1. For the chain, which whole percent of the accessible surface, found with a 1.4 angstrom probe, sits on carbon and sulfur atoms?
2. With every protein chain left in place, what is the accessible area of Val43 in Å² (1.4 Å probe, nearest 10)?
3. Taking θ as phi - 60°, what are the ³J(HN,Hα) couplings along segment 20-25 by the Karplus curve (6.51, -1.76, 1.60), each to the nearest whole Hz, with x for Gly and Pro?
4. When only Cα pairs under 8 Å and 6 or more residues apart are kept, what is the percent relative contact order across the chain?
5. At Arg64 and Ser17, where each label point lies 7 Å from the Cα along Cα→Cβ, what is the point-to-point distance in nanometres?
6. Under 5 Å between amide H atoms, partner at least 5 residues away or on a different chain: which partners does Phe56 have, H built in plane at 1.01 Å?
7. Treat each spin label as a single point 7 Å out from the Cα along the C-beta direction, and report the Arg26 to Val1 distance in nm.
8. Along each principal axis of its Cα atoms, how long is the chain end to end? Whole angstroms, biggest number first, please.
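The values are calculated or read from the model by the stated rules, or taken from the named source; none is laboratory data. Nothing here was measured: the structure is a model prediction, and the numbers come from that model. Ideal geometry is used to build each Cβ from the backbone, glycine not excepted, and the neighbour counts take in all protein chains shown. For accessibility, only protein heavy atoms count, side chains too; no ligands or nucleic acids. Shrake-Rupley method; radii C 1.70, N 1.55, O 1.52, S 1.80 Å.
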Amino acid sequence: VNRAEMAVILVRYLGLSLGDAESSFRDHSNIPAWAEKEISAAVDAGIVNGRSGNRFAPLESATRAEAVMMILRMLEKVEK
């Protein structure tokens with residue numbers, strides 16, 4: 001699962017509202033159109049962070065550590 005897919009899955013599961021905000025990541029042009037709003041919502045909700053150099057790396061595989069942190073942050077949102 002790549003980072004864009006992971007963000008989309010979690011945002012849709014949580015039912016977060018999608019804004020029109022564009023991300024400020026340096027590699028914004030690499031973010032697939034179908035995931036732009038969800039990634040922005042995930043960042044705004046604190047579920048996902050960028051990588052070094054202000055990159056999101058949307059097409060790179062999510063590491064185990066990243067996946068665990070995203071899921072834990074998602075679960076914190078569910079509990080509230």
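1. Details: 2560 of 4890 Å².
Percent of accessible area from carbon and sulfur atoms in the chain: 52.
2. Estimated to the nearest 10 Å², Val43 gives 50 Å².
3. Those phi angles translate into 9, 5, 9, 6, 9, 5 Hz.
4. Details: 93 pairs, mean separation 32.6, N = 80.
For the chain, the relative contact order is 41 percent.
5. For the pair Arg64/Ser17, the computed spacing is 3.9 nm.
6. Arg26, Asp27, Arg51
7. In this crude label model, Arg26 to Val1 measures out at 2.7 nm.
8. Here the Cα extents, ordered largest to smallest, are 34, 28, 19 Å.
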